[in-house]
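The values are calculated or read from the model by the stated rules, or taken from the named source; none is laboratory data. Predicted, not measured: the structure shown is a model, and the values here were computed from it. FYI the Cβ positions are ideal-geometry reconstructions off the backbone, even for glycines, and counts take in every protein chain you see. Just so you know, the surface numbers come from the protein's heavy atoms only, side chains and all, with ligands and any DNA or RNA stripped out. Shrake-Rupley method; radii C 1.70, N 1.55, O 1.52, S 1.80 Å.
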Amino acid sequence: MSRLKENIIAFLKWSVVAVIIGVILGFLGYLFHIALEFATEVRMNNTYLVWFLPVAGVVIVALYKICGMEKDKGTNCVIMSVRKEDKPPLVLAPLIFISTAITHLFGGSAGREGAALQMGGSIGYFVGDKLKFDEKDKATATMCGMSGAFSALFGTPVTASVFAMEITDVGVMQYCAIVPCVLCAVVGRFIVQSFGVLPTAYTVTDVPNLSALSLFQTVTLGILCAIVSKVFCIALNKTHTLYEKYIPNKFLASIVGGLVVAVLTFVLGTGDYNGAGTHIIEKAISGKTEVYAFALKILFTAITLGAGFKGGEIVPTLFIGATFGCAVSPVLGLAPSFGASLGMIALFCGVTNCPLSALIMSVELFGGQGFALYMVAVAVSYLLSGYQGLYSSQKIIYSKTKME
């Protein structure tokens, strides 16, 4: 009877906390969505703004320095806070909001979900701290915030809930956080949707039936996506290391990085690789892409984030996966549309080491058709992508090849 009482109290406590955090992040997510949409529209209508990217970089570095966040660890800070190894300050939320909007406005190649995780995690931790929670409950509140912000911005509440529980320690799911993560994700998404913002979803065509041929094709694409995921993670890591080694001054690094992106944009004569590039993802899902698009997005994103610009890596990951899958699928005999969707999910799994989240994402983004093939691509990419990932603070608790 005492255990039942304890569970009821925990349920009521976390229900209230999840709703509070979800409402906050729902409104913040909507404002963030509007800010990024506005920034993207202005940039696309005024392509010359990319030449001001070096100045934008200086502003971002200055903002972080003024706020005492010059050694900011980004999403890694939030992940570490779940393991009680760090404390994300509340100032991280407005900082990442403003700096991500600036990055998108002037053409830096970055996403938005990484920013959402930082906003959500810092606000979740702040609420837990103000409610005098112990360290374990603060960690749960942080996961709750990550889930709510991811859901509010991307419109995939189930993926967001599982991702928040899966991302920190791969192989160990903190099911104690399932109620706050789920409720916060649903509330956050409901708030944003009530303002008329539709969830992210795509229509995939020519999904093959499960057969020996489609299985072989999917396994092959999964292997290739695992390789690309490793290339992307290495590119991000090496670029950051090169900046620190040769241009340790962060102001100068942001100027150089911004100038390189501006020159590349001018040389290519297109802004397809600036910002998040969601319109290119939609184009790839419709079966159209440039063969080299995925490689250029890797280059643009590595240069941008390595130079100190802010945003996230997840939407660029989806961009790279969609364009790569679309480009290589005809060689494998797959329809470009289905290949693009497989590439998105397989690459997401490869860089995050979150197979369950990736599998659920395939349903929320594309529907349930071809579920078994998505599962195959996810499994192959997870195993072969190794132990690297987007986030250095992430821990893979168990071996990918042997039972522990």
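Brief remarks follow.
- Ranked by solvent-accessible area (1.4 Å probe, protein heavy atoms only, all chains present), the residues Phe300, Phe366, Phe266, Phe371 order from largest to smallest as Phe266, Phe371, Phe366, Phe300.
- Inter-site label distance for Asn46 and Asn249 at 7 Å from Cα along Cβ, in nm: 2.9 nm
- Where the Cα pairs of region 32-106 fall when distances are cut into 10 Å bins, in %: 18, 42, 29, 10, 1
- Peptides 315-321, 252-258 ordered by packing proxy, namely the average of other Cβ atoms within 10 Å per residue, highest first: 315-321, 252-258.
- Solvent-accessible area per residue in the chain equals 42 Å², computed with a 1.4 angstrom probe and all protein chains kept.
- Of the peptides 89-96, 157-164, the ranking by mean beta-carbon count within 10 Å, highest at the top, reads 157-164, 89-96.
- Amide H contacts of Ile396: Val170, each under 5 Å away and 5 or more positions distant or on a separate chain (H built 1.01 Å from N in the peptide plane; Pro and chain starts excluded).
- Think of each Lys and Arg Cβ as +1 and each Asp and Glu Cβ as -1; about the Cα centre, that makes the dipole of the chain roughly 620 debye.
- Working ranking of peptides 64-71, 387-394, 354-361, 169-176 by packing, defined as the average number of other Cβ atoms within 10 Å per residue, highest first, is 354-361, 387-394, 169-176, 64-71.
- Farthest towards the positive end of the charge dipole of region 236-309, among the residues Gly275, Leu305, Thr265, is the Cα of Leu305, using unit charges on the Cβ of Lys, Arg, Asp and Glu.
- Compactness index (Cα Rg / 2.2 N^0.38 Å), the chain: 0.94
- Region 233-329: relative contact order in percent, alpha carbon pairs under 8 Å with at least 6 residues between: 41 percent
- Over 22 Å (Cα to Cα) - which of Lys87/Lys136; Lys130/Lys310; Lys5/Lys84 fall in this group: Lys130/Lys310; Lys5/Lys84
- Computed over region 307-404, relative contact order equals 23 percent, with contacts defined as Cα pairs under 8 Å that lie 6+ residues apart.
- Estimated FRET transfer efficiency (Phe190, Lys402; beta-carbon r; R0 51 Å; 0.05): 0.75
- If you take the Cα centroid of region 111-128 and the Cα centroid of region 345-387, the two points sit 24 Å apart.
- Prolate/oblate/rounded call for region 216-309, Cα gyration tensor, a/c under 1.5 rounded: oblate
- Both radii are taken from the alpha-carbon atoms of region 163-209; with Rh as the Kirkwood radius, Rg/Rh is 1.15.
- In a fully extended conformation the segment linking Ile9 and Val23 would gain 2.9 nm over its present Cα-Cα distance, using 0.36 nm per residue.
- Three semi-axes of the equivalent ellipsoid, region 1-67, Cα gyration tensor, whole Å, largest first: 45, 16, 7
- Normalised by the number of residues in the chain, the mean separation of alpha-carbon contacts (under 8 Å, six or more apart) gives a relative contact order of 22 percent.
- Cα gyration tensor shape for region 96-198, rounded if a/c is under 1.5, else prolate or oblate: prolate
- Listed by chain and number, the lysines whose C-alpha is less than 22 Å from the C-alpha of Lys400, apart from same-chain residues fewer than 8 away, are Lys230.
- Global form of region 273-390, assessed from the alpha-carbon gyration tensor, a/c cut-off 1.5: oblate
- Within the accessible area of the chain (1.4 Å probe), percent carbon and sulfur: 68 percent
- Size estimate for region 89-132 follows the Kirkwood approach: the inverse of mean 1/r over distinct Cα pairs works out to 11.0 Å.
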